[in-house]
Amino acid sequence: MTSISTVGHADVSAPPQVKSRNLSLDRARTFLTLVVLLHHAVIPYTYFGHTDAKSFFGFDMIVLATDSFFMAMFFFLSGLFAWSGIARKGALSYLTDRLLRLGLPFVICAFTVIPLAYYAISLRHHPEVGFSEFWWNLVTKGPWPSGPIWFLWVLLAFDVVACVLHRLSPNLLDPINRLSLYGRRRPAAFFAVMLAVTAAFYVPGLMIYGPSSWFEFGPFSVQHGRVMLYASYFFFGAGIGVAQMDRGLLSADGRMAKVSWDWMVLAIVPYCLLWTLIFIKRQILGNPSPLPNWYEGLYAVCFAVFSVAILFLILAFFQRFRQSGTAKLLDPMQSDAYGMFLVHYPIALWLQYWLFDYDLPAIVKATAGFVLTVAFSWALTRALRQIPGATKVL
């Protein structure tokens, strides 16, 4: 077996070049955006969210799966272009771009999109409170929830850290890139290392903080137990993207895409174990708070395995079919996906507000909510992108 260390250093540190867009990564990112919209469309009709009288267990299965991987995968995909972007543009120019792309939308959404979204919830409980009063109390007194836009400021913080680390040592992530180059033929090696590192961060995080502890300061929030998990995904992605990404783990002709059934098994097994642990918590332990450390530790291990395995499964799927022609939904939506992520939340919550009083099955409500959220957020993004200069942000 060829050692990882035999990959030449010159291969790792080759200067990054501007290349045409990677179709498989674009499709994976757009697919993840739709997963976010699906997650928010079905969560009211689950045991987890249950803000509607109607429920459907299949949606619990969806929410458990999506919550266990989609945000971590977003950080991974974002990280792929971070290190090479810093090397190509320089730290100052790179951060200026990220402030425009992440910081500006975060500020705008925190003052507009998020209050509009949460007013739908407030109106259900306090119909006498007008929007202006609600907005003022939200901004001045709090709590000021961030909804899904917490991702933006955390990603910006990771970008800042990446710039500092790149300044200190441009070759810092070369070992991950060498592992990626080796992973072209032995993806299991990359999987094992990534799983070990991410689990090492997530297991103690969950055991110390539990699943419900959040850092909150105004609209800035992030889950205590997961922040280092997200950081590890981001920097694994950054390490892959140091240079020669098309020759490493994500190579179109690499082995990763050829063993997609293996990743499916690796994802299904820990997912089933997560449900076994949930059954034990509810039916045997009686939903104690806090949960025993042994339980949190086992749950965190299964979570970590599932998260990395489904990441590999999704990437392998889109790598495998990247040459299969056009994806009739994903390809036209690709340029609008980021905008849809930013604007969808109030649309989803207001649709749920209007559907609340209708005596319809949960499947009907969730399907209508999802389809209309996709349609309205896509149309709104298309309209916003017509504003001069908006495409630089959206």
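Restricting to the range 171-194, what's the tally of residues that are surrounded by fewer than 20 Cβ atoms within 10 Å (Cβ to Cβ) and outside any helix (DSSP H, G or I)? Adding up the residues that qualify gives 4.
Is it the case that some residue within the range 107-114 is in contact with a strand residue (DSSP E or B) (Cβ under 6 Å, 6 or more places away or on another chain), closer than 27 Å to L38 by Cα, open to solvent by less than 50 Å² (accessible area, probe 1.4 Å) and not aliphatic (A, V, I, L, M)? No; the residues of the range 107-114 include none that is in contact with a strand residue (DSSP E or B) (Cβ under 6 Å, 6 or more places away or on another chain), closer than 27 Å to L38 by Cα, open to solvent by less than 50 Å² (accessible area, probe 1.4 Å) and not aliphatic (A, V, I, L, M). Would you mind stating whether F312 is touching a Ser or Thr at 6+ places or on another chain (Cβ under 6 Å), of a type in the set (F, W, Y) and open to solvent by less than 40 Å² (accessible area, probe 1.4 Å)? The answer is no for F312. Scoring F317 on the criteria (1) within 30 Å of G103 (Cβ to Cβ); (2) open to solvent by 40 Å² or more (accessible area, probe 1.4 Å); (3) under 22 Å from the mean Cα position of the chain (by Cα) leaves a single failure, condition (1).
Residues of the range 346-390 that are without any contact (Cβ under 8 Å) to a residue 12 or more places away in the chain and farther than 19 Å from F31 by Cα: W354, D357, Y358, D359, V364, A383, Q386, I387, P388, G389, A390. Filtering the range 115-170 to residues that are open to solvent by 30 Å² or more (accessible area, probe 1.4 Å), in contact with a Pro (Cβ under 7 Å, 6 or more places away or on another chain) and either of a type in the set (G, A, S) or assigned to a loop (DSSP other than H, G, I, E, B) (or both) leaves only W144.
No other residue among I121, I86 is modelled with pLDDT under 95 and over 17 Å from the mean Cα position of the chain (by Cα) apart from I121. Of the set (1) touching a Leu at 6+ places or on another chain (Cβ under 8 Å); (2) under 30 Å from S169 (Cβ atoms); (3) surrounded by fewer than 20 Cβ atoms within 10 Å (Cβ to Cβ); (4) not basic (K, R), all apply to G90 but (1). Would the range 319-332 turn up any residue that is modelled with pLDDT under 95, hydrophobic (A, V, I, L, M, F, W, C) and more than 30 Å from S55 (Cα to Cα)? Yes, some residue in the range 319-332 is modelled with pLDDT under 95, hydrophobic (A, V, I, L, M, F, W, C) and more than 30 Å from S55 (Cα to Cα). Exactly one residue out of L165, L156, L181, L173 is without any contact (Cβ under 8 Å) to a residue 24 or more places away in the chain and more than 23 Å from F306 (Cα to Cα), and it is L165.
Within the range 281-298, the set of residues being in a helix (DSSP H, G or I) and open to solvent by 40 Å² or more (accessible area, probe 1.4 Å) comprises K281, R282, Q283, I284, N293, W294, L298. Scanning the range 208-252 for residues that are small (G, A, S) and either surrounded by fewer than 15 Cβ atoms within 10 Å (Cβ to Cβ) or farther than 17 Å from A72 by Cα (or both) yields G210, S212, S213, G218, A243, G248, S251, A252. Evaluated against (1) over 30 Å from P170 (Cα atoms); (2) touching a Phe, Trp or Tyr at 6+ places or on another chain (Cβ under 7 Å), K258 falls short on exactly one condition, (2). Scanning the range 263-275 for residues that are without any contact (Cβ under 8 Å) to a residue 12 or more places away in the chain and under 15 Å from F191 (Cα atoms) turns up just one, V265. Which residues, taken from the range 95-106, are in contact with a Phe, Trp or Tyr (Cβ under 9 Å, 6 or more places away or on another chain) and either open to solvent by less than 60 Å² (accessible area, probe 1.4 Å) or not in a helix (DSSP H, G or I) (or both)? Hits for the range 95-106 are L102, G103, P105, F106. The residues listed here are W263, W275; of these, the one that is open to solvent by less than 50 Å² (accessible area, probe 1.4 Å), over 27 Å from R27 (Cα atoms) and either part of a helix (DSSP H, G or I) or modelled with pLDDT of 95 or more (or both) is W275. Does D331 qualify as being surrounded by fewer than 17 Cβ atoms within 10 Å (Cβ to Cβ), of a type in the set (D, E) and within 28 Å of L104 (Cβ to Cβ)? Against the criterion (surrounded by fewer than 17 Cβ atoms within 10 Å (Cβ to Cβ), of a type in the set (D, E) and within 28 Å of L104 (Cβ to Cβ)), D331 qualifies.
The values are calculated or read from the model by the stated rules, or taken from the named source; none is laboratory data. These numbers come from a predicted model, not from an experiment. All Cβ positions, even for glycine, are placed from backbone atoms using ideal geometry, and neighbour counts span all protein chains on display. These area figures cover heavy atoms from the full protein model, side chains too; ligands, DNA and RNA do not enter into them. Shrake-Rupley method; radii C 1.70, N 1.55, O 1.52, S 1.80 Å.
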